[in-house]
Amino acid sequence: MMNNFTISNITDNNNTISSNNNNNNCNIKVIVRVRPQITEDLNNYSDNFISCIKIDNLQNKIILQREAYDDREFQFDKVLSPEITQNEMYKEVGEPLVNDVLKGYNGTILAYGQTGTGKTYTIFGNLNKNIEINNNSGVISRCIQQIFKHINLNENEIEFRVIFSFIEIYKENINDLLDCNKINLNIRNDPKMGGVYVENVTQIQVNNAIEILNFIKEGIKNRQEGPTDMNKTSSRSHVILTITVEQRPYLDNTNSVNNTNNNKSSVKRGVLTIVDLAGSERVSKSGSEGIRLEEAKKINKSLSALGNCVAALTDENITYVPFRDSKLTRLLTDSLGGNAKTCLVANIGPSLWNFDETYSTLGFATRAMHVKNHAIINEVVDFKTLSGNLQRKLSLMENEKVKLMERNVDLEKEIEMLRNELERMNSNLNNHHLDSNNNNNHWEERERALIDKFSNIIRHLQMEIAKQNIMKSKFMNESEDALDRMIDGFLLIPYIKQKIIYKLNYLQSQQQQQIVVIVVVVHLPV
């Protein structure tokens, strides 16, 4: 079930604390995808097509080859050959990252490469034509399908909230693809959650996969595209899709009462960022002029800034990273060396005609592999929720205690009835003076049976009382642990910590004054 709870509503409360546990340091994962041969490749040769790429799938290596030059070898986390399907690509690129986002991590998928190498096909597939999952569906469609499949499987235990935004960076201006009237938007720092955000960007809450895919399909129509000599439908802007998944267990979920996991009173927030970069291009090859030339300049400038940031992050001697040199790099601050798990998909073409561009892309991808991110689970603990859970535990234990007491009363009544029956039987034996050995044996067996039954009832009652004591002891321990966590949380709030220290100092000074008075009184002459 989708709900309207928000992180901001929780973090505005003074009774909350952010969790920085589960730190997960990891390098950027780099996957190289080789595009199949296309018509544009053949147009550049008068004779036979010449490839410059050799793939070693076993060792995930790319070998660049050119006549009269030494071979150049690159190794990555994964190399995807031209024959790879969209589904196989997604299992390497998107599926593991979405699983991490659903655990509360931030995740970024970044498509990088020369114009015309298949970046948009990797990210969007044929989403602009068909929102249903098919063989040509890209990363976005499959990510959304995976997210809502997870939600449908867990909606009875966890309440979810999914919101998204969809923007483009066109000639260093940020435009809202969901609202054409919102152009040239500003970037602001987020004081609550950290990082940066786009001011006044449209954010839409969605309840199912079809709904969000329809919004994205409409947003794609607003993206800036244009023909060049290298690509008839060249993307002229960087596109960033942000999907935020917030989740927390239901507050009234009695099935989770016996679970002592602290996550039962917290909200997790995972942000999935999917970036389709505009392709780098050489004007001499693309034939760009006029407006296309201006676009190419801005695209190459932002991609150059991206390369500078990656180079700075991998150089131990450099302490300043120029994230503010472009709006693209500023929005990717967390994705590059920050709080996120990032997967870079480097797209390249096989043609020898694009040897230099391919070499440049592989060089960038190699440097990116050495960028280390510091991802954490974004978790917010709500002490009001924690207190509510403890109160529910106490109420359940009180109800259990009442049931045990009622059972105790019933057992006492049953014991009293057995005693009366035993006394009546003994009285009947005395009144009738039964002398027969058979009759005596019969009543003795009956008496032993009653005694055994009475003993079993007593043992059962003792076990119930012991169980009640154990449950009470366990609850007291859990309450003390919860109180300790609450005190630790309050001490992390500077204002409250200062108040507590002031109060302790005041009490200590009062105690010392009392001791001085007592000492003076003791030494007074009689």
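Any read-out appearing in this document is the output of simple, stated calculations on the displayed coordinates, not a laboratory observation. A quick note: this is a predicted structure, and the numbers were derived from the prediction, not measured.
For this structure, a couple of remarks:
- Under 29 Å of direct C-alpha separation, and excluding same-chain neighbours fewer than eight residues apart, K301 reaches these lysines: K29, K78, K119, K171, K182, K217, K221, K232, K285, K327, K341, K372.
- From the alpha carbon centroid of the range 197-239 to that of the range 290-343 is 21 Å.
- Reach of K497 by Cα under 25 Å, taken over lysines that are not fewer than 8 positions away in the same chain: K192, K384
- Here K413 is the anchor, and the lysines within straight C-alpha reach of less than 23 Å, apart from those fewer than 8 places off in the same chain, are K401, K403, K453, K467.
- In this structure, the amide hydrogen of E225, modeled 1.01 Å from its nitrogen in the peptide plane, lies closer than 5 angstrom to those of R236, counting only residues at least 5 positions away or on a different chain.
- Distances between placed amide hydrogens fall under 5 Å for G107 paired with V271, L272, T273, K341, all partners being 5 or more residues away or on another chain.
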